[in-house]
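> Take a look at this one; I'll ask things after.
The values are calculated or read from the model by the stated rules, or taken from the named source; none is laboratory data. Predicted model only: the values in this text are computed from it and were never measured. Ideal geometry is used to build each Cβ from the backbone, glycine not excepted, and the neighbour counts take in all protein chains shown. We work out accessible area using only protein heavy atoms, side chains counted, and drop any ligands, DNA or RNA first. Shrake-Rupley method; radii C 1.70, N 1.55, O 1.52, S 1.80 Å.
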Amino acid sequence: RLDLEDLHKKNPNYVGKNPFPHQTEAFEALSTNYLFPIEGYSGGLLVLPTGAGKTFTAVNWICRNVLPKKIKVIWFAQSSYLLNQAYGSFCENALEISNRESINIRVVSSNTEHSKAFSINDTDDVIIITTQTAILNFNLKPRDLAGNETETEFKKFIKNCANSEIFIVLDEAHHAPAYGFRNLWKEIKHI
């Protein structure tokens, strides 16, 4: 949990990172593509060369345009390194978030340094999760103590967002056509 009020008090003269012109252009394109409230499915790609700051660009824009509207975010990535990079970027850009007192960010994977999928909670604002963990936990059919089929916390989180907006990011978007992620994406769209 990041206490945004406390961060603002500790950094009263905060001035955000000065984006490069290509990042400013990307911010404008994202803002043109994603008009809120989003009606139905809307998608796009943020394409920048290696080292041009894709993670910063995406996270900074999300912090200024998505999270202030209390829209939940799921950030899919392929590795612990990319999860940690995204988490670090959300922490660095947290002061860009307005209209909120706090924000709950959960990093989920099988790595021992991250949360496990069973700890996902409806109060989470940003879930940063490996695609492998997400696919497994979306399709898993656990049973409760009485032996009745139930749902994972990840699937419950997504269903809880069904009547509101959810913003999904796939880091390394060239993985989108992969069978597992493609099927996960289709299922999420139909909840």
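> Among (1) of a type outside the set (Lys, Arg); (2) at pLDDT 95 or above; (3) under 15 Å from Ser89 (Cβ atoms); (4) out of contact with any helix residue (DSSP H, G or I) (no Cβ under 8 Å at 6 or more places or on another chain), there is one condition Gly51 misses while meeting the rest; what is its number?
Failed condition: (2).
> Looking only at the range 4-24, count how many residues are charged (D, E, K, R) and either loosely packed, with under 10 Cβ neighbours inside 10 Å or within 30 Å of Ile188 (Cα to Cα) (or both).
Residues in the range 4-24 being charged (D, E, K, R) and either loosely packed, with under 10 Cβ neighbours inside 10 Å or within 30 Å of Ile188 (Cα to Cα) (or both): 1 in total.
> Only one of (1) in a strand (DSSP E or B); (2) surrounded by 19 or more Cβ atoms within 10 Å (Cβ to Cβ) is not met by Leu184, so which one is it?
(1)
> Might you let me know whether the range 37-54 holds any residue that is under 25 Å from His175 (Cα atoms), buried (at least 17 other Cβ atoms within 10 Å of the Cβ) and of a type in the set (Phe, Trp, Tyr)?
Among the residues of the range 37-54, not one is under 25 Å from His175 (Cα atoms), buried (at least 17 other Cβ atoms within 10 Å of the Cβ) and of a type in the set (Phe, Trp, Tyr), which makes the answer no.
> Checking the condition out of contact with any Cys (no Cβ under 6 Å at 6 or more places or on another chain), at pLDDT below 95 and of a type outside the set (A, V, I, L, M), which residue from Gly40, Gly88 passes?
Checking each option against the conditions leaves just Gly40.
> Something else now. Among the candidates Ser80, Ser31, single out the residue that is under 16 Å from the mean Cα position of the chain (by Cα) and at negative phi.
Ser80
> What helices (runs of 4 or more DSSP H) lie completely within the range 63-179 and have 2 or more residues being open to solvent by 40 Å² or more (accessible area, probe 1.4 Å) and touching a residue at least 40 places away in the same chain (Cβ under 8 Å)?
Here the list reads 80-92, 131-139.
> Where the second residue is assigned to a loop (DSSP other than H, G, I, E, B) and the first is of a type in the set (A, V, I, L, M) and lies in the range 5-27, which pairs have Cβ atoms under 7 Å and are six or more apart or on separate chains?
As it stands, the answer is Ala26/Leu46; Ala26/Leu48, since those pairs meet every condition given.
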